[in-house]
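Where a number appears in this text, it was derived from the coordinates with a stated rule and is not lab data. This one's a predicted model, so the numbers in the text were calculated from it and none came from an experiment. Cβ: placed from backbone, ideal geometry, glycine included. Neighbour counts: every protein chain shown.
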């Protein structure tokens, strides 16, 4: 199975408001169409891509040949009519992550190398069973994050418009807007209804933040990874090298609330921690596997604890699953989100775009985490209220001993450091 790595994204980040482009960094649109495609040609182009690449060879038990005949027998007077039919056609697959983007939506999906984005900073998906729009995670320090949006929140209304029957593209169009304008989200959380008035903003995302910390476990490195964007690997490499130069005895890697991103980024970062072993396997509809493995170039072999929660999705699950299964790290926190689908994003000839689910992935132990997620080795629950207080109102306590998940991680890390016999001199 030959896959262009730069075009490979993960299902959990199928739609990201203000960060949709982060999932597709490295995808280059054709700019202008190679020729002016007719509406019917665009419909057939989408059908052909799905026919060749879609992960489910039964097409959700749908006669895909009959679908082609049905939609090519229609008359289309303009592209907008074709776009409507394409969306109807794709709905038959029952997969919210295979989606069509008109030229404007596709253009908005592109992001330049600066990583500067405009929006509110949440990643969303559509629940495959209920069809409700669900927040995967807010991006740290964005308007949605500061407003108090949480992972697993259900979006009931956008600017008082019901989201019932609404797909993710429609939701993106309603939530997106100019900086300093407002959008109102009506959220359902644990049965309660809440309303959030959020001001859109221009957002600059730095995927990695790190620091050297003195702790009961000794001198340790703390690294927070917010997004698996194209530059995350380089920033992670710089963080590890700097902390290694400071002679840290071990690491806490914080993936809480990280909604994922690019597959190649998760593999690249896994290789920095793992010297040997399988990282992930992707399986297409023929059952063909492509395995990504460590390359013997790990930057450190020091003890590692990873913090995860229900907002850790897709690429976060690949990284944490790889390091857990290879017994390279201990996972602390709560069950992860549970998205194990891989997409390819394709520009179409008329300037529109298509994201199509082409594979599912398994962790090194062969586990399919889709819809379940990864269970931590050590469970440390936080209530929504605790998490909101910690991440919003008392940020100075985050990644300190007043942070229950971090504190447990440090406790476990201390035991690992002691077991490896790292001397006090090495801790200093």
In degrees, nearest ten, helix 263-273 long axis to first principal axis of the chain (Cα) = 10
Pair residue 73, residue 206: separation of 7 Å Cα→Cβ label points (nm) = 6.0
Centroid-to-centroid separation of segment 330-362 and segment 225-260 [C-alpha atoms, Å] = 22
Could you compute the FRET efficiency for residue 81 and residue 182, with r as their C-beta to C-beta distance and R0 at 35 Å, rounded to 0.05?
-> 0.60
Hey, what number do you get for the chain at 222 nm if only DSSP H runs of n ≥ 4 count, each worth -39500 (n - 2.57), divided across all residues, to the nearest 500?
-> -8000 deg cm²/dmol
Gaussian network model of the chain, Cα within-10 Å springs - most flexible of 184, 130, 282 = 130
What is the spin-label model distance, in nm, from residue 299 to residue 241 if the labels are put 7 Å beyond Cα along the C-beta direction?
-> 0.8
Taking the Cα atoms only, what angle lies between the long axis of helix 79-91 and the longest principal axis of the chain, rounded to 10 degrees?
-> 60
Would you mind checking the tilt of helix 39-53 against the longest principal axis of the Cα atoms of the chain, expressed as 0 to 90 degrees and rounded to 10?
-> 40
